[in-house]
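Coordinate-derived values only; no laboratory data. Not measured: the values here are computed from a predicted model. Here Cβ is always computed from backbone atoms with ideal geometry, including for glycine, and neighbour counts include all displayed protein chains.
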């Protein structure tokens, strides 16, 4: 299968996987997203390098069917630059509305990101005035040290 055919099949799969809440048109703008929307799509991730210190960059993915750019940095696993990803997450407008301007995308939380074997273009964006978020180790992200006898 050629690269072009593979990209077309990935795009067709993304269109088939996109899920929206009832009554929501697929081409709605980010400002009119309902209070809670579940999305699922395939995208090529973009890394935004911000000026807020080490590990403050953000991972962004654009849903090609709706044109909305999402921040997928809150996922437990991170995207891999140069590889397509399957993004499945929930956008909760009321709880994370203030965090949408940190990286330039609507925040998905919770979000699950799965790296796919298909290649895509590697893109890194400069900060462009977006502050990013300071990295904090999650409280459940590590185990306490064990005593070894």
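Ranking of 83, 48, 133 by neighbouring Cβ atoms within 10 Å, starting from the fewest: 83, 133, 48. Ordering 60, 86 from the fewest to the most neighbouring beta carbons within 10 Å gives 86, 60.
Ranked for footprinting exposure by Cβ neighbours inside 10 Å, fewest first, 40, 56, 122 give 122, 40, 56.
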